[in-house]
Ligand SMILES: Cc1ncc(C[n+]2csc(CCOP(=O)(O)OP(=O)(O)O)c2C)c(N)n1
Ligand SMILES: [Mg+2]
């Protein structure tokens with residue numbers, strides 16, 4: 001069970017993700033964002049509960065709904081904002097947008113747009129740490145839709161056969177753009193795939209950050225001890241459209257209403273209040289801190305220059321110094 005300090009940290013990360021994404025949506029609506037805004041609203045507990053379970057030397061490869069994982073791993077709000085605003089001051093120096101950023105110093109391998117492609121990459125990273133006899137694990141994510149790719153099969157099968165320390169989280173949020181899970185697979189229990197690949201599998205309520213954290217700790221322990229990969233299916237719901245341009249007209253309204261009552265941020269806040277783990281004053285202090293950080297980060301990101309044209313040619317190939 002996390003300590004009170006850890007509970008407050010988890011709450012901070014959950015609210016920081018939520019409030020930062022709300023800021024990104026506001027900037028998108030004023031036309032300042034280059035490209036689309038893809039939020040993980042409703043799925044914050046998965047990103048945070050899993051990333052919070054990582055140790056210092058572990059590896060993480062996030063997907064587009066995992067802003068929370070990047071924040072926990074040491075990226076700051078300004079990094080995400082500058083990325084979305086395509087500024088020269090962003091981690092990719094304005095060459096790539098949204099969350100497509102990585103930093104090996106933080107153990108973060110940048111996302112790849114082609115769904116599924118990160119799984120073989122992270123299986124390879126996990127093989128590398130195994131060969132080096134390190135006790136690190138490699139964590140990555142895939143959506144319900146992304147499980148239908150060949151890369152999902154190739155990556156997970158390879159990781160299973162080589163017994164490498166890979167933790168793969170399926171974020172089952174019910175939809176892959178406008179395709180519901182029922183049109184994605186004839187067996188919607190994604191967790192049973194673990195058995196098919198010969199790896200451990202856990203199913204978890206993806207809207208309960210403590211349940212996700214507990215499952216992630218167990219999965220990482222299992223992988224660290226040399227028992228091979230773990231598949232975690234986290235059940236959740238995508239609470240916005242695929243991205244902000246999409247109003248999700250194809251999602252039944254009662255489905256959204258049902259999941260609103262299970263909102264992971266509200267639920268965790270209620271839990272903290274009801275168990276006496278966070279006072280009203282402590283909550284307000286955390287929220288004030290976050291709002292200050294996000295506003296300041298947005299100001300700094302907006303002040304950052306756009307990249308120069310010449311800069312686009314750099315960093316494409318390896319550069320010797
Ligand atoms: C191989 C591949 N096919 C199609 C796409 C286009 N695409 C991007 S996201 C997406 C839907 C993904 O759904 P899911 O995997 O459930 O993730 P979610 O958006 O729900 O988090 C699609 C079809 C892609 N990026 N890569
Ligand atoms: Mg999905």
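Which value at 222 nm does the chain reach when only helices count, each DSSP H run of 4 or more adding -39,500 (n - 2.57), with the total divided by all residues and rounded to the nearest 500 deg cm²/dmol?
When only DSSP H runs of four or more count, the value is -13500 deg cm²/dmol.
With the Cα gyration tensor of the range 4-306 giving a ≥ b ≥ c as the square roots of its eigenvalues, does the rule (a/c under 1.5 for rounded; else a/b larger than b/c for prolate; else oblate) give rounded, prolate or oblate?
rounded
Once the Cβ-Cβ distance between residue 128 and residue 26 is put in as r, and R0 is 35 Å, what FRET efficiency do you end up with, to the nearest 0.05?
0.30
Taking the Cα-to-Cβ direction at residue 319 and at residue 182 and moving 7 Å from each Cα, how far apart do the two end points lie in nm?
5.3 nm
Using a 7 Å offset from Cα along Cα-Cβ at residue 266, what residues in the range 162-183 end up with backbone N under 16 Å from the label point?
none
Of 147, 50, 285, which is the most mobile in a GNM of the chain whose springs link Cα atoms less than 10 angstrom apart?
285
Which residue, 216, 138, 200, has the most motion in a Gaussian network model of the chain that connects Cα atoms within less than 10 Å?
200
Mind putting together the pair-distance distribution for the range 199-321? All Cα pairs, 10 Å bins, whole percent per bin, short to long.
The distribution over the range 199-321 is 10, 19, 25, 28, 16, 2, given as percents.
Under 10 Å, Cα contacts only: if you run a Gaussian network model on the chain, which one of 226, 116, 155 comes out with the highest mean-square fluctuation?
226
Subtract the Cα-Cα distance of residue 303 and residue 282 from 0.36 nm times their separation in residues, and report this length gain in nm to one decimal.
Full extension of this stretch gives 4.4 nm more.
Quick check on the exposure proxy: order 18, 296 from fewest to most C-beta atoms within 10 angstrom.
Fewest to most other Cβ atoms nearby, the residues stand as 296, 18.
Take the Cα coordinates of the range 93-221, assign each an equal point scatterer, and use the Debye formula without solvent to give log10 I(q)/I(0) at q = 0.09, 0.21 Å⁻¹.
Evaluating at q = 0.09, 0.21 Å⁻¹ gives log10 I(q)/I(0) of -0.27, -1.43.
Apply the Debye scattering formula to the range 265-321, with a single equal point scatterer on each alpha-carbon and no solvent, then give log10 I(q)/I(0) at q = 0.13 Å⁻¹.
Log-scaled intensity ratios, in q order: -0.61.
Quick one: order 48, 112 by neighbouring beta-carbon count within 10 Å, fewest to most.
112, 48
Summarise the long-distance tail of P(r) for the range 27-163 by giving the % of C-alpha pairs beyond 23 Å.
The answer is 35 percent, as a whole percent.
Using every pair of alpha-carbon atoms in the range 45-116, split the distances into 5 Å bins beginning at 0 and state the percent of pairs per bin, rounded to integers.
The percentages, shortest bin first, are 4, 18, 29, 26, 16, 7, 1.
For the range 214-232 and the range 1-80, write down the distance between their C-alpha centroids in whole Å.
Between the Cα centres of the range 214-232 and the range 1-80 lies a distance of 22 Å.
The numbers here are math on the coordinates, done by the rules we state, and not lab data. All figures in this text were calculated on a predicted structure; none of them were measured in a lab. No Cβ is skipped: glycine too gets one built from the backbone with ideal geometry, and neighbour counts run over all protein chains shown.
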